[in-house]
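Participant: Please see the structure below; I have some questions.
The values are calculated or read from the model by the stated rules, or taken from the named source; none is laboratory data. Note that the coordinates shown come from a computational prediction; the quantities given were computed from them, not determined experimentally. Positions of Cβ are generated from backbone atoms using ideal geometry, with glycine treated the same way; all protein chains shown enter the neighbour counts. Protein only, heavy atoms only, side chains kept; ligands, DNA and RNA dropped before computing areas. Shrake-Rupley method; radii C 1.70, N 1.55, O 1.52, S 1.80 Å.
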Amino acid sequence: MNPRRKKRLLVALVIIIGLGSMTGLVLYALKQNIDLFYTPTQLVEGLGEDKVKPEVGQRLRIGGLVMPGTVKRNMDDLKVSFVLSDDKGGLVTLEYEGILPDLFREGQGIVAQGVLKSANVITASEVLAKHDEEYMPPEVAEAIKGIKHMKPEYGNETK
């Protein structure tokens with residue numbers, strides 16, 4: 001092999017090894033920011049064919065319905081706990097400290113982000129309440145249903 005080909009091969013190998021190293025470092029850095037989404041049943045029974053369960057201490061997201069009658073608020077601080085369920089019957093307890101969203105209520109769908117504390121208990125750092133899927137802007141509702149949307153009056157303001 002002549003020196004020119006050796007030099008080209010060496011440059012090509014260095015570029016391939018460099019790109020591979022950079023890709024590995026990027027994936028390693030992103031691994032810390034990836035939160036897998038689970039339903040209560042997937043969390044309890046495992047995910048996929050292998051029934052892989054998340055490890056205690058793993059960050060994750062979970063979504064489900066707040067079970068009626070399970071919301072327990074601490075009167076001394078902002079701690080609240082409640083049970084999430086899904087259509088397959090999985091039950092997971094969420095513990096959260098903070099102000100819950102305005103749309104949060106029993107029987108409502110939520111998505112929470114947090115850390116797995118035990119097999120079926122999650123300490124949530126963020127709780128998002130799902131909005132009503134049937135919402136329509138007032139103009140659309142008026143056009144479709146014939147419902148008249150009245151703007152609130154704020155007193156006797158003159159222009």
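Participant: Tell me, what ³J(HN,Hα) does each residue in region 107-117 have, in order and in whole Hz, if you take phi through Karplus 6.51 cos²θ - 1.76 cosθ + 1.60 with θ = phi - 60° and put x for Gly and Pro?
Facilitator: The phi angles translate into x, 8, x, 9, 10, 10, 10, x, 10, 6, 8 Hz.
Participant: Could you rank 96, 28, 38 by how accessible they are, 1.4 Å probe, largest area first? Walk me through the intermediate numbers first.
Facilitator: Numbers: 96 30, 28 145, 38 10 Å².
The most accessible residue leads, giving 28, 96, 38.
Participant: While we're on this one: Which order do 9, 94 take when ranked by solvent-accessible area (1.4 Å probe, heavy atoms of all protein chains), largest first?
Facilitator: Details: 9 90, 94 0 Å².
Reading off the accessible areas and sorting them downward yields 9, 94.
Participant: Oh, and also: In a solvent-free Debye calculation with one equal scatterer on each Cα, what is log10 I(q)/I(0) for region 37-129 at q = 0.13, 0.14, 0.24 Å⁻¹, listed in the order of the q values?
Facilitator: -0.38, -0.44, -1.26
Participant: Tell me, what ³J(HN,Hα) does each residue in region 78-94 have, in order and in whole Hz, if you take phi through Karplus 6.51 cos²θ - 1.76 cosθ + 1.60 with θ = phi - 60° and put x for Gly and Pro?
Facilitator: 8, 6, 9, 10, 7, 10, 9, 9, 9, 5, 9, x, x, 10, 9, 8, 10
Participant: Per the Cauchy relation, a quarter of the hull surface: what is the mean projected area of the convex hull of the alpha carbons in region 9-86, in nm²? Write out the running numbers ahead of the final one.
Facilitator: Values: hull surface 35.1 nm².
So the Cα hull casts an average projection of 8.8 nm².
Participant: With a 1.4 Å probe and all protein chains kept in place, how do 106, 55 rank by accessible area, largest first? All intermediate terms of the calculation are to be shown ahead of the outcome.
Facilitator: Numbers: 106 85, 55 135 Å².
Ranked from most to least accessible, the order is 55, 106.
Participant: Please work out how many pairs of lysine residues in region 37-129 are eight or more positions apart (or on different chains) and have Cα atoms closer than 24 angstrom. Before the final figure, lay out each step's value.
Facilitator: Details: 51/88; 51/117; 53/88; 53/117; 72/88; 72/117; 79/117; 88/117.
For region 37-129, the number of qualifying lysine pairs is 8.
Participant: Testing the spin-label approximation: label points 7 Å from Cα along Cα→Cβ at residue 115 and residue 15. State their distance in nm.
Facilitator: Label-label distance for residue 115 and residue 15, simple model: 4.4 nm.
Participant: Right, here's the next one. Would you work out the charge dipole size for region 37-113 about its Cα centre, treating the Cβ of every Lys and Arg as +1 and the Cβ of every Asp and Glu as -1, and quote it to the nearest 20 debye? It would help to have the intermediate numbers written out before the result.
Facilitator: Details: 9 positive and 12 negative charges, 7 e Å.
Approximately 40 debye in magnitude.
Participant: What FRET efficiency do you get for residue 87 and residue 26 if R0 is 35 Å and r is their Cβ-Cβ distance, rounded to the nearest 0.05? If you can, show how the numbers build up before the last one.
Facilitator: Details: r = 37 Å, r/R0 = 1.07.
Result of the calculation: an efficiency of 0.40.
Participant: Now, a different point. Between residue 79 and residue 2, with labels modelled 7 Å along Cα→Cβ, what's the label distance in nm to one decimal, could you check?
Facilitator: 7.8 nm
Participant: Place a point 7 Å from Cα of residue 36 in the direction of its Cβ. Which residues in region 56-74 have their backbone N less than 11 Å from it?
Facilitator: 56, 58-61, by backbone N distance to the label point.
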